[in-house]
């Protein structure tokens, strides 16, 4: 066989190999034989991530994604316990948890070169890790029993609502935000939390202390609970299901909340983790989150239809109007507040 003929055969063989690969794949995908472990919430978020993030990520990289499902508090604790040898390569945290973890060197700072979509994020989503969704924490109220609707946090302390206002558990994003806003509504703040605890005692007896979305929706359906602090997306989900509820933005302020994707400092899969997060920040996934969960996109290039945009904190002006609690301080104080909650509120 001539040298020229041999070169022609080699080219044909190479083309045959490439044509046999999935669209967009290369002969040597960086994730072949590797596993990326991702800690995230379950239920709808798991479904969305599997469809819009994991599927294209695995196809591009050849890696396999393993999910660890649960709450952000467990992931936050686990990141610290496994600092030297993390079992998670990507973890989703609440805003304040991500702030604390970055301060302590537990997670990596953002890397725009590895995550190009970072450059399209609103400034608030660039502060720590990679902000993946914006949320507002206001008042979820029963539309049949609270007419007119509440306009202030302080309204929840009116006598006609005694025994119908349910707090959320502490720790927990809604519970901590409510404790801080109870303090603010009565002259204190997250930095002067004594007034918050005293105000919570005045709401007793509680119809329930809520901890999950199904139980919260059921409590409103049967009329046991008329008001509770809640993330806006969960309220609009419940409303879409026919539950008689709506969402109020209180005059004293509606706390800003954000879910954040982070990469542990000592992971050996930083390259894959950055690719995974870049898919999460893509317009396709952010739109899916808004449509399914009413979570606001953090990517400035995402355009939502007007009817959907009205139900989420959408755009720079609306996000800027949300109240920025000192979540770093709240996260630092959470162990102490949780102990105090058990001792003073639950007894």
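Every number here is computed from the coordinates shown, using simple stated rules; none is lab data. No experiment lies behind these values; they were computed from the predicted model shown. Don't worry about glycine lacking a Cβ; one is built from the backbone with ideal geometry, like all the others, and counts go over all protein chains shown.
Overview of values
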{"item": "0 to 90° range, to nearest 10: angle between helix 270-280 axis and the chain longest Cα axis", "result": "60"}
{"item": "Separation of the residue 326 and residue 283 label points, Cα + 7 Å toward Cβ, nm", "result": "4.0"}
{"item": "Translational D in µm²/s for segment 174-309 (Stokes-Einstein at 10 °C, 1.306 mPa s, Kirkwood Rh from C-alpha pairs)", "result": "90"}
{"item": "Packing-based ranking, highest mean first, of 182-193, 201-212, 255-266 given that Cβ atoms within 10 Å are counted", "result": "255-266, 182-193, 201-212"}
{"item": "Pairwise centroid distance, computed over Cα atoms, of segment 47-61 with segment 142-204, Å", "result": "40"}
{"item": "Projected label distance in nm at residue 318 and residue 64, using a 7 Å step from Cα toward the beta-carbon", "result": "4.2"}
{"item": "Helix 283-293 vs. the chain, principal-axis angle (Cα, 0 to 90°, nearest 10)", "result": "30"}
{"item": "Quotient of Cα Rg and 2.2 N^0.38 Å for segment 296-342, N being how many residues it contains", "result": "1.70"}
{"item": "Angle in degrees between helix 3-19 and the longest Cα principal axis of the chain, rounded to the nearest 10", "result": "20"}
{"item": "Spherically averaged projected area of segment 35-129 from its Cα convex hull (nm²)", "result": "6.5"}
{"item": "Principal semi-axes in Å for segment 142-238 [√(5λ), Cα gyration tensor, largest first]", "result": "21, 15, 12"}
{"item": "P(r) histogram, all alpha-carbon pairs of segment 219-298 included - 10 Å bins from 0, percent", "result": "14, 34, 28, 16, 7, 0"}
{"item": "Span from the segment 327-346 Cα centroid across to the segment 241-259 one, whole angstrom", "result": "23"}
{"item": "Equivalent ellipsoid, the chain (semi-axes from 5 times Cα gyration tensor eigenvalues, Å)", "result": "44, 22, 17"}
